[in-house]
Amino acid sequence: MSTGTTRVATGITATGALALTGYGILTDDLPRVVGGAALIMTVIVLAGITAIHTWITDTGDERTALAAAQRSAQDERTRYIAARAGLTNDQARLVRDLAAERASLSAQLKAERAAMEEEFASERGELQADALALGALMERGGVFTPNTPRVGNLIPFPQQELPQTREHGVVRP
C-alpha cells in the first residue's frame with residue numbers, strides 16, 4: 001500500500017472512530033466508547049507509522065544532493081579532459097619545436113665543422129710550407145751535418161764520503 005492510500009484509510013478510520021466514540025458517549029454505551037477509543041489509538045499509531053515511513057523513505061534531499069554531486073563530478077571530469085588535451089597539444093608543440101631546433105642546430109654545426117675543416121686544412125698547408133722552409137734553412141745552415149763538434153762538456157760531481165759516527169750499532173743511510 002502506498003503512503004497516500006494509507007493516509008486516506010487512516011483519515012476514514014479516524015472519522016469512523018470519532019463518530020463511534022461520540023455516539024457511544026451520547027448513548028452511554030461503554031463498549032462503543034472503548035471500541036471507538038481503540039480505533040482512535042489505532043489511527044494514531046497508523047499516523048505515526050506513516051509519518052516515520054515517510055520520514056525514512058523520503059530521499060528527495062539526498063537525490064538532489066546526489067544529482068548536484070554528479071553534475072559537479074561531470075564538470076570536473078570535463079575540465080580534466082580539457083586540461084589533458086591542452087597539455088597533450090602543448091607537449092606535441094614542444095616536441096615539434098625541439099625537432100626543428102635540433103635540425104637547425106645540426107645544420108649549423110655541419111656548416112661550422114666544414115668551415116673549421118677548411119680553416120684547418122689551410123693552416124696545415126701553411127704549417128707544412130713553413131716547416132719545409134725551416135728545414136731548408138737548417139740544412140743550409142749546417143745543422144744536420146754529421147761531424148759537428150760538441151758544444152759543451154758536462155763536469156761530473158765528485159764522490160762525497162759520509163763522515164763516520166762514533167756510535168756503535170747505528171746503521172747509516
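Every number here is computed from the coordinates shown, using simple stated rules; none is lab data. Bear in mind that the values here come from a model prediction, so they are computed numbers and not experimental data. Cβ: placed from backbone, ideal geometry, glycine included. Neighbour counts: every protein chain shown.
For this structure, a couple of remarks:
- Ranking of I12, I56 by count of other Cβ atoms within 10 Å, fewest first: I56, I12
- By other beta-carbon atoms within 10 Å, ranking I40, I25 with the fewest at the front produces I25, I40.
- Ascending count of other beta-carbon atoms within 10 Å, so fewest first, for F120, F157: F157, F120
- Relative to one another, the C-alpha centroids of region 50-96 and region 119-134 are positioned 78 Å apart.
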